[in-house]
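Participant: Take this structure, written in structure tokens, and hold onto it; I'll ask about it next.
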Amino acid sequence: MENFNYYNPVKIVFGKGTIGQIDKLIEPDAKVLLTYGGGSIKTNGVYKQVIGALKGRKVVEFGGIEPNPSIETCGKAVELGRREKVNFVLAVGGGSVIDGSKFIAAAIPFKNKNLWQIIEKGSGVIKSALPIGVVLTLPATGSEMNNISVMSRNATLEKKAFRSEYSYPKFSILDPETTYSLDRRQLRNGLVDAFVHVCEQYATKNSNAHLQDRHAEGIFKTLVQIAPVVMSGKKDYDTRATFMWCATQALNGLTACGTIGDWSTHGIGHVLTAFFGLAHAESIAVVLPAVWKYELSSKTNKLAMLAENVWGIKKGSKKQKAAAAIEQTVKFFHSVGMPTKLSNYDITKKDITKVIARFKQTGLVLGENHDIGAKAVEKILKICL
Ligand code: NZQ
Ligand code: ZN
């Protein structure tokens, strides 16, 4: 097992009817910047519960944070927050609202005028942030229990992650009933994103981190088990609660302990989203099987373990099992209605040259073996077509 530090200060408040606890979690004299997305919280009753729980506090609202939150939109919230001298940010929504709010909370006290520095340099320049609270409405990203934020700059078609020790939420309220209004596309995206987060930490070098491996396999198996009921759209409380907790566990740092992450699927996926507008989960569902095929020889051990312990494949050589693990994972994505090829989005060989050029320009190298640079990205994207 690799050496590791583990720190996670996020207080999780989990269960039905818990939104009212905001009253106890935020100081009575706080001036709150309430951030949300395109309006789903106004139609599903979450907004009403949040406003009810914030009673007595001064509240300034900023709605309209879009999926794949941009610095252009969130920059306006920074101006509003500074003007109104808010001292707390409450994010109500999915990963985009939470990530946008992490950026806003770091940017309000940021001294440099160039706010993109926050995203480019992360912890190197973030020296403080307003406290953040979260009411999660979409199980997917794990942002509610980590210090990561992924931001886009529309003007330059960039999408990048930053993290800082000031970007952990103080608390996150996870009420599974808030997920009842999600449509099939968002449910599918959430299942796949959570699944791929575990893949990026598990299907890498074998670090003999046995407990983390079993934990990861537990999340995989649980997601596979609940997927049919999730996708049926049934308002089944225990299924939604299990889904929400799986997605949080998939990226709260626990399965990463003592292992070496890959994250090349996410790195390539972000560029696909920036150029072609694929939803985050759509992009990674295309890239993951291709990365695994490209890296088959270095990932054989862990993919064979995935085949045996998650997909129940007991026969064949390690190589055959590893290949079968890729096939089964693709089948799982298809079973929830998730496409796995760029051609499903009418993206052609000609289009991907932009993505390769971006990797050449940035010189970014990804993967647990630091071997996925522009040349490898080209080969991987050809497999994705
Ligand atoms: O904007 P509203 O109206 O709220 O609608 C949203 C949005 O259109 C809707 N939605 C959310 N909760 C709902 C709901 N609709 C009905 N009922 C509800 N309860 O769903 C749509 C998508 O929301 P979004 O927040 O964009 O989805 P998700 O949670 O998948 O977040 C995706 C973003 O997170 C980043 C992605 O790159 C992407 O930008 N990620 C963040 C990570 C992190 N911080 O750790 C890690 C991930 O790998 C990921 O990169
Ligand atoms: Zn993801």
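Participant: Rounded to a whole number, what % of the accessible area of the range 11-177 do carbon and sulfur atoms account for, probe 1.4 Å? Can you show the working numbers first?
Facilitator: Numbers: 3470 of 6830 Å².
About 51 percent, which is the carbon plus sulfur part of the accessible surface.
Participant: Further question on the same structure: Grab the beta carbon distance between ASP238 and GLN21, set R0 = 30 Å, and tell me the FRET efficiency rounded to 0.05.
Facilitator: Details: r = 21 Å, r/R0 = 0.70.
It comes to 0.90.
Participant: Could you give the length gained on full extension between THR353 and GLU120, defined as 0.36 nm per residue of separation minus the Cα-Cα distance, in nm?
Facilitator: On the way: separation 233, 0.36 × 233 = 83.88 nm, distance 2.38 nm.
Extending this stretch completely gives an extra 81.5 nm.
Participant: Hey, what's the range 184-384 come to in accessible area per residue, 1.4 Å probe, Å²?
Facilitator: Working: 7930 Å² over 201 residues.
About 39 Å² of surface per residue is accessible.
Participant: With a 1.4 Å probe and all protein chains kept in place, how much accessible area does THR340 have, in Å² rounded to the nearest 10?
Facilitator: Surface accessible to solvent at THR340 totals approximately 10 Å².
Participant: Based on DSSP H runs of at least 4 residues, each adding -39500 (n - 2.57), what is the mean residue ellipticity at 222 nm of the chain after dividing by all its residues, to the nearest 500 deg cm²/dmol?
Facilitator: -15000 deg cm²/dmol
Participant: Can you compute the modelled spin-label distance between SER297 and GLU2, with each label point 7 Å from Cα toward Cβ, in nm?
Facilitator: 2.2 nm
Participant: Shifting gears a bit: One-quarter of the Cα convex hull surface for the range 265-385, in nm²? List each step's numbers first, then the result.
Facilitator: Working: hull surface 28.7 nm².
So the mean shadow area of the Cα hull is 7.2 nm².
Participant: Aspartates and glutamates within cross-link reach of LYS375: Cα-Cα under 18 Å, excluding same-chain residues under 8 positions apart?
Facilitator: List returned: ASP262, GLU295, ASP351.
Participant: Work through the residues other than TRP311 whose Cβ is under 11 Å from its Cβ and net out their charges, Lys, Arg +1 and Asp, Glu -1. Mind dumping the intermediate values first?
Facilitator: Working: positive: LYS221, LYS314, LYS321, LYS331; negative: GLU217, GLU308, GLU327.
Once all neighbours under 11 Å are counted, the net charge is +1.
Participant: May I ask you to compute the full-extension gain from ASN344 to ASN87, defined as 0.36 nm times their residue separation minus their alpha-carbon distance, rounded to one decimal in nm?
Facilitator: Values: separation 257, 0.36 × 257 = 92.52 nm, distance 4.50 nm.
Residue separation times 0.36 nm, minus the Cα-Cα distance, leaves 88.0 nm.
Participant: Could you tell me how far the Cα centroid of the range 53-76 sits from the Cα centroid of the range 107-183, in Å?
Facilitator: Between the Cα centres of the range 107-183 and the range 53-76 lies a distance of 12 Å.
Participant: In whole Å, what are the Cα extents of the chain along the three principal axes, biggest one first?
Facilitator: Cα extents, longest axis first: 65, 46, 43 Å.
Participant: Shifting gears a bit: By how many nm would the segment from LYS127 to ALA161 lengthen if fully extended, with 0.36 nm per residue of separation less the alpha-carbon distance? Numbers along the way, then the final one.
Facilitator: Working: separation 34, 0.36 × 34 = 12.24 nm, distance 1.72 nm.
Here the segment from LYS127 to ALA161 would lengthen by 10.5 nm.
Participant: Using the Cβ atoms and a cut-off under 15 Å, what net charge is assigned to the surroundings of THR259, where Lys and Arg are +1 and Asp and Glu are -1?
Facilitator: Net charge in that neighbourhood comes out at -2.
Participant: What percent does the relative contact order of the range 184-384 come to when contacts are Cα pairs within less than 8 Å and at least six residues apart?
Facilitator: Numbers: 256 pairs, mean separation 50.1, N = 201.
Reported as a whole number, the value is 25 percent.
Participant: Evaluate the relative contact order of the chain (contact order divided by residue number), counting alpha-carbon pairs under 8 angstrom at least 6 apart; express in whole percent.
Facilitator: Numbers: 726 pairs, mean separation 58.9, N = 385.
In percent, rounded to a whole number, it is 15.
Participant: Below 11 angstrom from the Cβ of PHE162, what's the summed charge of the other residues (Lys, Arg +1; Asp, Glu -1)?
Facilitator: On the way: positive: LYS102, LYS121, LYS160, ARG163; negative: ASP99, GLU120.
After counting each charged neighbour, the total is +2.
Participant: With labels modelled as points extended 7 Å from the Cα through the Cβ direction, what inter-label distance (nm, one decimal) is found for LYS55 paired with MET231?
Facilitator: 4.4 nm
Participant: Would you mind checking which residues have amide H under 5 Å from ALA203's amide H? H placed 1.01 Å from N; only 5 or more apart, or other chain.
Facilitator: Amide H neighbours of ALA203: none.
The values are calculated or read from the model by the stated rules, or taken from the named source; none is laboratory data. Since the structure is predicted, the reported quantities are computational estimates derived from the model, not experimental observations. Virtual Cβ from ideal backbone geometry, glycine too; neighbours counted across all protein chains shown. Note: accessible area is taken over every heavy atom of the protein model, side chains too, but ligands, DNA and RNA are not part of it. Shrake-Rupley method; radii C 1.70, N 1.55, O 1.52, S 1.80 Å.
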